Amino acid sequence: MLTIGYIGNGKSTNRYHLPFSLNRDHLKVKTIYARNPDKAEWEKTPGVLYTDDIAALMNDKEIQLIVVCTHTESHYSYAKMALDHGKNVLVEKPFMLTKDEAVSIFQYAKEKNLVIQCYQNRRYDSDFLTTKKVIESGKLGDLLEVEMHYDYYRPEIPNATSHFSKYNSYLYGHGVHTIDQVLSYFGKPDTIHYDVRQLLGSGRMNDYFDLDFYYSSLKVSIKSSFFRLKARPSFVVYGKKGVFVKQTEDRQEEHLKLFYLPKRHADFGIDLPQHYGILTYLDDEGKYHEEKVVSEKGDYARVYDDIYQAIVHGKEKVIKDEETITAMEILEKGVEECN
């Protein structure tokens, strides 16, 4: 059993963590720290201690893992505090404010012989897992280009923001998802082209990005905007022999927003046939094929399975330090493009 305490009791903890950590028999959620633990925005979890005394979290010898679900500005200080108290740490993304902070905290954890890791749950998105399955089938032939889109139509957010913030930028908050997916599967690119903008003008919120990752014979693009009334396909993959289009994104977030939770619903996050991607290709005999690809099952709890194995059984971390450091470097450099 791995016993967990949380720092923060907002949307991150309640929507993106508890539904998954509470859905594993080898995990026990014991304590949640918040400045105002009686805030009624989220229903309290039975059997969990809610406290405004952070010492109650840090000094509890039963708690082995502390999960930091606060604003990015406080990630480093809370992570260091937890390490100082002998706790392993899981930190929401973006992991830290800067690459230097990431390097520093990873080194500090190694000195303490403790595990610290970023919560890159989007590695376990259904659309991403399905796209990897299609690539690995070989039916597309040699890969030429991959497009990954993460679109919204939420103009009210940039319209209501009159100033520029590096750490609350769209790239930091959303690009971190797809950047990690690229690094986890394709590795570190040879070069990157950055197009990071403020569509409403200089000095306004960063609300658009388009990053191209170049490998020897492959280009991977991640694109996102707050002003897409109709979202582009989640994934489009081009090979020498075919193309795969996954129009719809992973459904876990859709279900979480409806409080349709994995512990009570076996079909949580599962794609229906209308969500399946379309694979079109020519086989080795030149025959044309077009078929639906049954989606893989996404499951954000797999991040907790990974860190459980690392802490309890000493297994190598799935989400590597080097990948997180590279992601932070890319975020920093990308945001330098606008201010």
- Message: Out of everything in the stretch 129-158 that is assigned to a helix (DSSP H, G or I) and surrounded by 14 or more Cβ atoms within 10 Å (Cβ to Cβ), what residue ends up being modelled with the lowest pLDDT?
- Response: P158
- Message: If I go through the stretch 11-39 residue by residue, how many of them are part of a loop (DSSP other than H, G, I, E, B), free of Cβ contacts under 8 Å to residues at least 60 places away in the same chain and not acidic (D, E)?
- Response: 5
- Message: Return the pair list, or none, for Cβ contacts closer than 8 Å from residues in the stretch 183-199 that are closer than 30 Å to T161 by Cα to residues that are surrounded by 18 or more Cβ atoms within 10 Å (Cβ to Cβ) and among the charged types (D, E, K, R), at least 6 apart or on different chains.
- Response: R197/D207; Q198/D207; L199/D207
- Query: Name the pairs: first residue in the stretch 263-282 and at positive phi, second residue of a type in the set (K, R), Cβ to Cβ under 6 Å, at least 6 apart or on different chains?
  - Reply: G269/R251
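I need a count of the residues in the stretch 259-300 that are in a strand (DSSP E or B) and within 23 Å of the chain's Cα centre (by Cα).
Total satisfying the criteria: 1.
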- Assess whether H26 counts as being out of contact with any Lys or Arg (no Cβ under 9 Å at 6 or more places or on another chain) and at pLDDT below 95. no
- Note on the structure: Just one listed residue, out of N113, N59, N88, is over 24 Å from V318 (Cβ atoms), among the polar types (S, T, N, Q), modelled with pLDDT of 95 or more and not assigned by TED's automatic domain parsing to the domain that holds D250, and it is N59
- Hits in the stretch 75-105 - residues which are in a loop (DSSP other than H, G, I, E, B) and aromatic (F, W, Y): F95
- From the set of residues in the stretch 248-258 that are assigned to a loop (DSSP other than H, G, I, E, B) and in contact (Cβ under 8 Å) with a residue 24 or more places away in the chain, which is farthest from F20 (Cα to Cα)? T248
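Residues to consider are E253, E285, E249; find the one that is under 19 Å from E147 (Cα atoms) and out of contact with any strand residue (DSSP E or B) (no Cβ under 8 Å at 6 or more places or on another chain).
On the way: E253 fails: under 19 Å from E147 (Cα atoms); E285 fails: under 19 Å from E147 (Cα atoms).
Result: E249 is the single residue among E253, E285, E249 that is under 19 Å from E147 (Cα atoms) and out of contact with any strand residue (DSSP E or B) (no Cβ under 8 Å at 6 or more places or on another chain).
With under 16 Å from the mean Cα position of the chain (by Cα) and buried (at least 17 other Cβ atoms within 10 Å of the Cβ) as the only criterion, which of V335, V303 stands out? Steps first, please.
Numbers: V335 fails: under 16 Å from the mean Cα position of the chain (by Cα).
Result of the check over V335, V303: V303.
Collect the residues in the stretch 40-74 that are of a type in the set (A, V, I, L, M, F, W, C), outside any loop (DSSP other than H, G, I, E, B) and more than 24 Å from the chain's Cα centre (by Cα), keeping them in residue-number order. Walk me through it before giving the result.
Narrowing the stretch 40-74 to residues of a type in the set (A, V, I, L, M, F, W, C): 40, 42, 48-49, 54-58, 63, 65-69.
Add one more test, that the residue is outside any loop (DSSP other than H, G, I, E, B), and what stays is 49, 54-58, 65-68.
Selection gives L49, I54, A55, A56, L57, M58.
The values are calculated or read from the model by the stated rules, or taken from the named source; none is laboratory data. Quick caveat: nothing in here was measured; it's all calculated off a predicted structure. Positions of Cβ are backbone-derived with ideal geometry, glycine not excepted, and every protein chain shown enters the neighbour counts.
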